[in-house]
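J.: Got a structure here, written out as structure tokens. Questions coming.
The values are calculated or read from the model by the stated rules, or taken from the named source; none is laboratory data. Treat the numbers as computed from the prediction; the structure is a model and nothing was measured. In this analysis, Cβ positions are derived from the backbone assuming ideal geometry, glycine residues included, and neighbour counts consider all displayed protein chains.
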Amino acid sequence: MTDPTTPATAEGHDGNLAVKRAAISFEFFPPKTEDMERNLWDTINRLAPLDPKFVSVTYGAGGSTRERTHSTIARILKETALLPAAHLTCVGASRGEIDEIVDRYHEVGVRHIVALRGDPAGGIGTPYSSHPDGYQSSADLVAGIKKRHGDIEVSVSAYPEKHPEARDFDADIDTLKAKVDAGAARAITQVFFDNDLYFRYLDRVRARGIDIPVVPGIMPMHNFKQARNFVTRAGTTVPDWFAAKFEGLDEDPETRKLVAATVAAGQVQKLAKHGVDTFHFYTMNRADLVFAISHLLGIRAKSAHKAA
Ligand SMILES: Cc1cc2nc3c(=O)[nH]c(=O)nc-3n(C[C@H](O)[C@H](O)[C@H](O)COP(=O)(O)OP(=O)(O)OC[C@H]3O[C@@H](n4cnc5c(N)ncnc54)[C@H](O)[C@@H]3O)c2cc1C
């Protein structure tokens, strides 16, 4: 297991140079309150000059944020030059209802959807059952979207540690293959902290003949304790060396923030050094860490570039 925060060497600088040419994207969640909305927009305005390839907005479990996801996406389209991607799941809705959501997105100008099966209605770990009249799987949803609107680009999920429900890696990668065959253009990974797991997974995926980009999902863990519970439930391993970085910092959010940015920047640098050139950041609606990581990696705001 490799520790991605090994101090910088000449190799580390190579990593920086590689990342400068990287494409980045950001993920946000739809805000619940006016305060959260203001915070999200401060975040979007701070990160937009970094020129992300797209920004995505999640869809609450069971479709709970259907309207909020839509209005956030619509506002991004209206008020920024960013390209938004709307997350959408199959859970708790008929095909007709989902088709309507897709059509509404298409009508307002959305051309990118992140298509997912979604978690079971009873929560992670409970059995999944599809809606009787709904899309039966993520691949089914991808095909449905592509059939209705061929000009919508579809991204899907990928699991370097395999999805917790998958019988084994083969079954997991069969699902990814079905999504690609249905028209998915890109996969974004579940968060991972051990780069070796990502590279091993990529080998398996390529061996299966899947050639779409598999974009690493990077999460700076500013709130380590809370985020650890959340990612562990989703099947992500938190290595001991990683947890050790946050030891004794439960009551020290400022240091935790610095450590989280440093660790995530180190992880990205190592990935870049091995040829990865596209990164998706789980921002948790915070600009500071992702902005700092991007800066450390040599990614500059567009306007700052021009002024230099
Ligand atoms: C990049 C990314 C973005 C996400 N965004 C959201 C979001 O906005 N909203 C949200 O609610 N969730 C989101 N999720 C979480 C996701 O909904 C869950 O992980 C869900 O449990 C699986 O959905 P999926 O599309 O990834 O599943 P799939 O890719 O369809 O399947 C994942 C794995 O589970 C196996 N599997 C699927 N169904 C079954 C079954 N019935 N029995 C046995 N094995 C099965 C498949 O074989 C595959 O290995 C996101 C995840 C990722 C990685």
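J.: Scan the stretch 233-262 for residues that are more than 15 Å from D196 (Cβ to Cβ), in contact with a helix residue (DSSP H, G or I) (Cβ under 7 Å, 6 or more places away or on another chain) and touching a residue at least 40 places away in the same chain (Cβ under 8 Å) and report the count.
T.: 3
J.: Determine, yes or no, whether D181 is more than 10 Å from the ligand (Cβ to nearest atom) and either over 23 Å from L88 (Cβ atoms) or touching a residue at least 40 places away in the same chain (Cβ under 8 Å) (or both).
T.: It is true that D181 is more than 10 Å from the ligand (Cβ to nearest atom) and either over 23 Å from L88 (Cβ atoms) or touching a residue at least 40 places away in the same chain (Cβ under 8 Å) (or both).
J.: Quick check on the stretch 114-153: of everything there that is under 16 Å from A234 (Cβ atoms) and surrounded by fewer than 18 Cβ atoms within 10 Å (Cβ to Cβ), which residue is nearest to the ligand (Cβ to nearest atom)?
T.: As a first pass, look at the stretch 114-153 and keep what is under 16 Å from A234 (Cβ atoms): 114, 116-120, 122-126, 128, 138.
Imposing the further condition that a residue be surrounded by fewer than 18 Cβ atoms within 10 Å (Cβ to Cβ) reduces the set to 120, 122-126, 128.
Values: P120: 7, G122: 12, G123: 10, I124: 7, G125: 10, T126: 11, Y128: 4 Å.
Filtering first and then ranking leaves Y128.
J.: Condition check: within 22 Å of I218 (Cβ to Cβ) and modelled with pLDDT under 95. Does I76 satisfy that?
T.: It is false that I76 is within 22 Å of I218 (Cβ to Cβ) and modelled with pLDDT under 95.
J.: Give the stretch 225-244 a look and list any residue that's away from the ligand (no atom under 12 Å from the Cβ), within 18 Å of the chain's Cα centre (by Cα) and crowded, with 20+ Cβ neighbours inside 10 Å, or say none.
T.: A227
J.: Then there's this: If we keep just the residues of the stretch 105-140 that are among the polar types (S, T, N, Q) and free of Cβ contacts under 8 Å to residues at least 12 places away in the same chain, which is farthest from A178 (Cα to Cα)?
T.: The first filter runs over the stretch 105-140 and keeps only residues among the polar types (S, T, N, Q), leaving 126, 129-130, 136-138.
With free of Cβ contacts under 8 Å to residues at least 12 places away in the same chain added as a condition, the list becomes 126, 129.
Values: T126: 24, S129: 19 Å.
Taking the candidates together, the pick is T126.
J.: Okay, next question. Which of the residues spanning the stretch 1-36 are part of a loop (DSSP other than H, G, I, E, B), in contact with an Asp or Glu (Cβ under 9 Å, 6 or more places away or on another chain) and modelled with pLDDT of 55 or more?
T.: Correct list: R21, A22, P30, P31.
J.: Residue check: is E97 more than 16 Å from the ligand (Cβ to nearest atom) and surrounded by fewer than 18 Cβ atoms within 10 Å (Cβ to Cβ)? Give the steps one after another, and end with the answer.
T.: Working: more than 16 Å from the ligand (Cβ to nearest atom): no; surrounded by fewer than 18 Cβ atoms within 10 Å (Cβ to Cβ): yes.
No; evaluated as a whole, the condition is false for this residue.
J.: Now a separate question. How many residues are of a type in the set (G, A, S), within 13 Å of the ligand (Cβ to nearest atom) and in contact with a Pro (Cβ under 8 Å, 6 or more places away or on another chain) when one looks only at the stretch 58-90?
T.: 1
J.: Another question, then. Collect the residues in the stretch 154-167 that are near the ligand (Cβ under 9 Å from one of its atoms) and more than 18 Å from K53 (Cβ to Cβ), keeping them in residue-number order.
T.: Y159, K162, H163, P164, E165, A166, R167
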